[in-house]
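In what follows, a structure is listed as structure tokens, so that the remarks can point back to it.
The values are calculated or read from the model by the stated rules, or taken from the named source; none is laboratory data. None of the values given here were measured: they were computed from a predicted structure. Here the Cβ positions follow ideal geometry from the backbone for every residue, glycine too, while neighbour counts run over all protein chains shown.
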Amino acid sequence: MRISTLCTALFAAGSLLVSAGCAAHDTAPAPGAKPRPVRAVAGCAKGWTDPAGLSPRRAPARCAKGAPAPRPLAKKRKLVLATGTLAAEYVAPLEVAVAKGEFRKEGLDVQLKVLPTPDALPLLAKGDIDAQWAAPEAAVMNGIRGGFDIKWVAGNFSPGPASRSGLWARLRDGETPATVTMKDRKMGTMIGKGSVVTYAMEKALRKHGGGLDSISFQQLGSADVLTALQNGGVDSAWLLDPVWRKVDGDPKYTFLGGQPLGEPLGGLLFGPNLLTGDPDAGVALLRAYIRTVNTYFAGDYKAGKGFTASLARLLKTDESVLTATPSLRMDWEIRKGTTDRLQKAYREAGVGQGDPVPEDKVVDRSLYEEAVGHRP
């Protein structure tokens, strides 16, 4: 399928793309590169876990602090990495990598550029940007189906066990947390059905007698979701960090579930520039990212007050807001079957188009495996 078919696919997913990005490419993606040699990496003996391991108690892969060590490119390279925001905590490893010079150690000059996913996606496929910090949302899946040469190459995070970011419901008369049902509820959310959170919503709803087809959605601004839940405008809501702390402990509300533990739902997307054009730079980018996680985000990174204060300054947020929620579990690995489960949720939500895209057309684990020295 040629990339000129992509506009139709992405409009069907509810995402408006830059028209020039849709029109500029009308060629099939380049064939995949041959397997690259992989050598052992000091300090990364536990830098890989089996993708088939789906236990919520799974400990994320970790290398030693400072590992994998830098391997500077022979020639310095400038890269543009797009992200939807620089204020969210899950973007922190990228910002710390820039601030601490971890990309520079690899011979990379990385520019973080704020771009919404619909705007960045065609630029990534065209090669106008090199990487994107995003997620395999419905628009991304439909884009790959339509011919975009894009792969999900590294994960970002999963929530800590104490997190209650996710689905909250106001208890009806006679209901208890154990008997609450989600059928025929109205849910307030700032996230559309094409988001990866659709998968997490579906899991939580099914556990409580509902489903994406049995509730109604009211899309609201970030400042309005909690207000609508509290004043009765909606009777359930998807509450993000740190908003859920406003109802945590209040007996009128109950938490029903959030993003699955141990399963990242986003991270780094690469386009042709780093997949086939310059995979050495792609591995270097991942090596710096992974080293940043191992050095600064390996465990409960909010336990260190000095680091938390510097992180708050970097994210331009108040330190008390940052420490109000548990540390994220930063995780560069991608679990087996995640894209299949996401696509199933998109179809049930009515935003998935066509036949499911096989995982090997969406995911490429080989670059982060090379960065930590894992031989398949």
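Observations, loosely collected:
- Helices (runs of 4 or more DSSP H) fully within the stretch 257-376 counting 1 or more residues that are surrounded by 22 or more Cβ atoms within 10 Å (Cβ to Cβ) and either among the charged types (D, E, K, R) or touching a residue at least 12 places away in the same chain (Cβ under 8 Å) (or both): 279-296, 305-315, 338-349, 366-372
- Exactly one residue out of M187, M182 is over 17 Å from L265 (Cα atoms), buried (at least 24 other Cβ atoms within 10 Å of the Cβ) and modelled with pLDDT under 95: that is M187.
- Of all the residues in the stretch 170-194, those that are in contact with a helix residue (DSSP H, G or I) (Cβ under 8 Å, 6 or more places away or on another chain) and closer than 21 Å to E263 by Cα number 3.
- Hey, A125 hydrophobic (A, V, I, L, M, F, W, C), modelled with pLDDT of 95 or more and over 27 Å from F297 (Cβ atoms) or not: yes
- The numbered conditions (1) within 19 Å of the chain's Cα centre (by Cα); (2) under 26 Å from Y199 (Cα atoms) are all true for L315 except (2).
- Hey, G211 in a loop (DSSP other than H, G, I, E, B), farther than 19 Å from V247 by Cα and modelled with pLDDT under 90 or not: yes
- Answer residue from the stretch 148-164, given it is touching a helix residue (DSSP H, G or I) at 6+ places or on another chain (Cβ under 6 Å) and hydrophobic (A, V, I, L, M, F, W, C) and is surrounded by the most Cβ atoms within 10 Å (Cβ to Cβ) among those: A154
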